[in-house]
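I have placed the structure first, in the form of C-alpha cells, so that the comments after it can refer back to it.
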Amino acid sequence: MGELTVFLPLLIVMGAFMFFASRRQRKAMQATIDLHESLRVGDRVHTTAGLEATIVGITDDSVELMIAPGVVTTWMKLAIRDKIEPEIAEAAEIELADGDGTRD
C-alpha cells in the first residue's frame, strides 16, 4: 500500500498532462478541418512551404493554386497553412487611426 501512495501523485500529474495535451491537439485538428472546409475558389492562401497563391480549383483532397499568371500547380489540401486576409481591412484601420479619414 505504501508503494502505491508514492506513485499516485506521479500518475495523477501524468494523467492530467495527457488529458490537456490531447485536448489541445484536438482543438488544433478541428481548426485545420474548419480551414479546409472554408476554402473557396479565389481565396489567397499560404502553403506550408511558404508559397502565396490563389485557389483556382478545389477537389475533395487537393487544390489547384495559381502561383503566377498562367502557372497552376496542384497541392494537397493539407499543404494549406492559412488564408491571406484581404488588405482592404488594413487600409480601413489606417484611415481610422489617422482620425480625419484622409491619407497624408
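Would you kindly derive the ³J(HN,Hα) couplings of segment 23-39 from the backbone phi angles with the Karplus curve 6.51 cos²θ - 1.76 cosθ + 1.60 (θ = phi - 60°), listing them in order in whole Hz, with x for Gly and Pro?
5, 5, 5, 5, 5, 5, 5, 5, 5, 5, 4, 4, 4, 5, 6, 8, 5
What residues have an amide H closer than 5 Å to that of residue 43, excluding those fewer than 5 places away on the same chain, when H is modeled at 1.01 Å from N in the peptide plane?
55
When the chain is fully extended, how far beyond the present Cα-Cα distance does residue 3 get from residue 24, taking 0.36 nm per residue of separation?
4.3 nm
If we count other beta carbons within 10 Å of each Cβ, what is the order of 48, 5, 32, fewest first?
Fewest-to-most Cβ neighbours within 10 Å comes out as 5, 48, 32.
Residue by residue through segment 52-69, which ³J(HN,Hα) values in whole Hz follow from phi under the Karplus form 6.51 cos²θ - 1.76 cosθ + 1.60 (θ = phi - 60°), with glycine and proline marked x?
9, 8, 10, 6, 10, x, 9, 10, 4, 10, 9, 9, 9, 10, 8, 9, 7, x
Using the Karplus curve 6.51 cos²θ - 1.76 cosθ + 1.60 with θ = phi - 60°, work out ³J(HN,Hα) for each residue of segment 70-82 in order, rounded to whole Hz, and write x for Gly and Pro.
Taking θ as phi minus 60°, the curve returns x, 10, 10, 10, 9, 10, 6, 4, 4, 7, 7, 8, 6 Hz for segment 70-82.
Quick note: the coordinates plus some simple rules give every number you see, no bench work behind them. This is a predicted model, so every value here is computed, not measured. Cβ coordinates were reconstructed from backbone atoms using ideal geometry, including for glycine residues, and neighbour counts include every protein chain displayed.
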